[in-house]
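The values are calculated or read from the model by the stated rules, or taken from the named source; none is laboratory data. These figures come from a predicted structure and were not determined experimentally. Glycine also receives a Cβ, built like all others from the backbone with ideal geometry; neighbour counts cover every protein chain displayed.
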Amino acid sequence: MQKLSQRDPRWSKVTIGESGLNVGRWGCVLTSLSMLSTDWGPYKSPATLAKKLSFTPEARLYWQSVDQIMGFNFVHRGYGAPPKITSFPFLLEVDFSHWVLAVGWHIKAQRLYKIYDPWFGDEAVSNRYGKQTGYATFSKLKGSELPEPTWIGKLIKKLKVPFPFWLNGKKKK
């Protein structure tokens, strides 16, 4: 998996959707997804994702939009520290505002993950940041290989409801 930085001059000034916010400051989710695509394919640059994925006016990703353009599917967005996840990679939210790509265990007993950090474009340990505040998981399965979504999943996807829909006003990186 290739390490990428959201501050790379090739895409740092690209605007995320219609938000007016740029990848260099607010594109940690996009850059983490781009890193994931270097392994799970096909590769999509952060600049491409900034234009092709769907976002709220505040540049928050509609997670379900991943399914339409990536070679993998969005599965779940959780809050708080991840449960005992044994399937890597996944996106890890730290300090309520920054997303990194967790690629494996650093020290499993201490729940420390080896991460690729899109802000620095490097490999680090998850304790670089304070609290683990959320996570998002994905599957390589596509199309007919995926289980049929529940009725609530279909409704959420149709309405493009961002998660968490009850939190407003906080901008994410």
Notebook entry, point to check: Which members of the range 10-30 meet the condition of being outside any loop (DSSP other than H, G, I, E, B) and either more than 17 Å from the chain's Cα centre (by Cα) or of a type in the set (S, T, N, Q) (or both)?
Noted result: Thr15, Asn22
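Every residue, every condition in (1) at pLDDT below 95; (2) of a type in the set (Asp, Glu); (3) touching a strand residue (DSSP E or B) at 6+ places or on another chain (Cβ under 8 Å), yes or no:
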{"position": "Arg10", "(1), (2), (3)": "no, no, no"}
{"position": "Leu30", "(1), (2), (3)": "no, no, yes"}
{"position": "Leu33", "(1), (2), (3)": "no, no, yes"}
{"position": "Gly41", "(1), (2), (3)": "yes, no, no"}
{"position": "Pro57", "(1), (2), (3)": "yes, no, no"}
{"position": "Ile69", "(1), (2), (3)": "yes, no, no"}
{"position": "Ile85", "(1), (2), (3)": "yes, no, yes"}
{"position": "Leu92", "(1), (2), (3)": "no, no, yes"}
Check: Which of the residues belonging to the range 62-98 are among the aromatic types (Phe, Trp, Tyr) and either under 18 Å from Asp39 (Cα atoms) or part of a loop (DSSP other than H, G, I, E, B) (or both)?
Finding: Tyr62, Phe72, Phe74, Phe88, Phe90, Phe96
Checklist line | Options Val103, Val29; residue that is among the aliphatic types (A, V, I, L, M), touching a residue at least 12 places away in the same chain (Cβ under 8 Å) and surrounded by fewer than 21 Cβ atoms within 10 Å (Cβ to Cβ) | finding: Val103
Next item on the list: Can you tell me which residue among Arg10, Arg60 is buried (at least 16 other Cβ atoms within 10 Å of the Cβ) and among the basic types (Lys, Arg)?
Entry: Arg60
